[in-house]
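The values are calculated or read from the model by the stated rules, or taken from the named source; none is laboratory data. Predicted, not measured: the structure shown is a model, and the values here were computed from it. As a convention, Cβ positions derive from the backbone with ideal geometry for all residues, glycine included, and neighbour counts pool all protein chains shown. Surface accessibility is based on the protein's heavy atoms, side chains included, excluding ligands, DNA and RNA. Shrake-Rupley method; radii C 1.70, N 1.55, O 1.52, S 1.80 Å.
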There are 2 protein chains.
Amino acid sequence: MPTTPCDRSSVVDARAGEPAYRTRKKDIREANEALILAAAEKVFAMHGYQGTATGQIAVEAGLPKANLHYYFKTKAILYREVLQHILDDWMKAASTFDTCNEPREALRAYVTAKMEFSRQRPFGSRVWAREIMSGAPMLEDFLGTSLKTWVNARVRIIRRWVREGKIEPVDPHALLYMIWATTQHYADFEQQIIILNNGKALDDRGYRQRTRQVIRLVLGSVGLQS
Amino acid sequence: MPTTPCDRSSVVDARAGEPAYRTRKKDIREANEALILAAAEKVFAMHGYQGTATGQIAVEAGLPKANLHYYFKTKAILYREVLQHILDDWMKAASTFDTCNEPREALRAYVTAKMEFSRQRPFGSRVWAREIMSGAPMLEDFLGTSLKTWVNARVRIIRRWVREGKIEPVDPHALLYMIWATTQHYADFEQQIIILNNGKALDDRGYRQRTRQVIRLVLGSVGLQS
DNA sequence: ACGTATCTTGACCGTTGGGTCAAGATACCA
DNA sequence: TGGTATCTTGACCCAACGGTCAAGATACGT
């Protein structure tokens, strides 16, 4: 990737009364931690926790391995921080379920947010998937508490929609799992999708169309297609 | 696990004219290869290719590591054989798509077969998922040839259904991906599903009900719910 | 300007990994 | 019954791994 002749620190970091070219300690820490977390997410997504070498992450981040271990003592700690970041964004997407009381708009918003998440954070989605396939050793707490609470509340909402005759009488869990699975599929199985799409990744336009199709299928599944 | 006082070879393998208690060489090979493949599928499903140690597989199979390497020279060869087995079963499930020309029955049969696959071969499903998340280095050939051919043919069938007004005008790829994602979710994310189900795995009855729900959602998504 | 805290890194350490080997055990076949 | 092919296994090898360390470099506060 091409870089501009002047680097970040001399342009972006300029502040009044400070030399613009010298990077400040706090910024160094912040930048390096972010760099390492991004690299780690990518490599963990590719090879999983056990299959990832900290040296690989260091290479991906463009740092010596010893430097990585200066910022994150152990691989386990680094992995947990990566998971935490993903979890935060996952929950942010989840909150869109409540943008509206009407099933049509709520489902549309939620599917859109989940598709957006798959588009923006494909590596995060894969780390999440791998973690659960490994028995969710690090996520057990979250799954059993926060996620469960969230799911129970949404299940009640869906049941209400059914009771009020707003949607067909579907099993709420089955519906939620279908939405999760379908939207996450676009991140987790991206490689398969690309190959079946003649080697080309979906561009922005294609992705928007696909999002619309997923919304249509989900709405149809509960009897909401006009 | 408790064992019966008399072992398999003396009971099952009894054949006329041969000493029943002595295991024959061919049977040894067959049994050990099957044992190792099953163990490997399980461990690969848990930790992925890179994250799996051949020693772990050996322990899981109850054999010394050197013995495992006697039957499968390298980890890569063993992994490829595991993948091949999964692929065969995946294709077998795929063939059920063609049991009927009518969308309702075809989709019902296909979803049922895929759900059955998730139930019977959860480890296989996870190995598959991990392989694709790693960029499908070993599956690229298959994805680009056999699978692509299969998908193209099914896409044409779905388009025909749309043209004939038998189903709503949905994107065939989006529909297929939704079916794959949703059915495989029950294998790949089993742990999450268990936790959200109060720590209990779905029993046979629950699984059949869930299968019916998935069928209902899929049929609904294309406008086929009565 | 100088002492201190933070950051950087090549070299290193003990452990684990994939894979080999050679010697013994077991089944096979003539 | 004896020779051969297959099977079994503890011991071993070397590369790669997670993690440490100490010494130098860089920014900070006064």
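From the list A:Glu140, A:Glu164, the one residue that fits, being surrounded by fewer than 17 Cβ atoms within 10 Å (Cβ to Cβ) and within 8 Å of another protein chain (Cβ to nearest Cβ), is A:Glu140.
When residues in the stretch B:207-222 are screened for being among the charged types (D, E, K, R), within 7 Å of chain A (Cβ to nearest Cβ) and without any contact (Cβ under 8 Å) to a residue 12 or more places away in the chain, 1 of them pass.
Residues that are open to solvent by 10 Å² or more (accessible area, probe 1.4 Å) and more than 20 Å from the chain's Cα centre (by Cα) are absent from the stretch B:185-194 altogether. A:Val170 passes every criterion in (1) without any contact (Cβ under 8 Å) to a residue 60 or more places away in the chain; (2) open to solvent by less than 30 Å² (accessible area, probe 1.4 Å); (3) at the interface with another protein chain (Cβ under 7 Å from one of its Cβ atoms); (4) assigned to a helix (DSSP H, G or I) apart from (4). Return a yes/no flag: does the stretch B:147-158 have any residue that is surrounded by 15 or more Cβ atoms within 10 Å (Cβ to Cβ), within 11 Å of chain A (Cβ to nearest Cβ) and outside any helix (DSSP H, G or I). There is no residue in the stretch B:147-158 that is surrounded by 15 or more Cβ atoms within 10 Å (Cβ to Cβ), within 11 Å of chain A (Cβ to nearest Cβ) and outside any helix (DSSP H, G or I).
Of all residues assigned to the stretch B:196-209, none qualifies as being crowded, with 21+ Cβ neighbours inside 10 Å and assigned to a helix (DSSP H, G or I).
Which count do you get for residues in the stretch A:194-221 that are of a type outside the set (D, E, K, R) and more than 30 Å from A:Lys166 (Cα to Cα)?
Within the stretch A:194-221, residues that are of a type outside the set (D, E, K, R) and more than 30 Å from A:Lys166 (Cα to Cα) number 9.
When restricted to residues that are within 13 Å of DNA strand C (Cβ to nearest atom) and away from chain B (no Cβ under 14 Å), the stretch A:20-48 contains 15.
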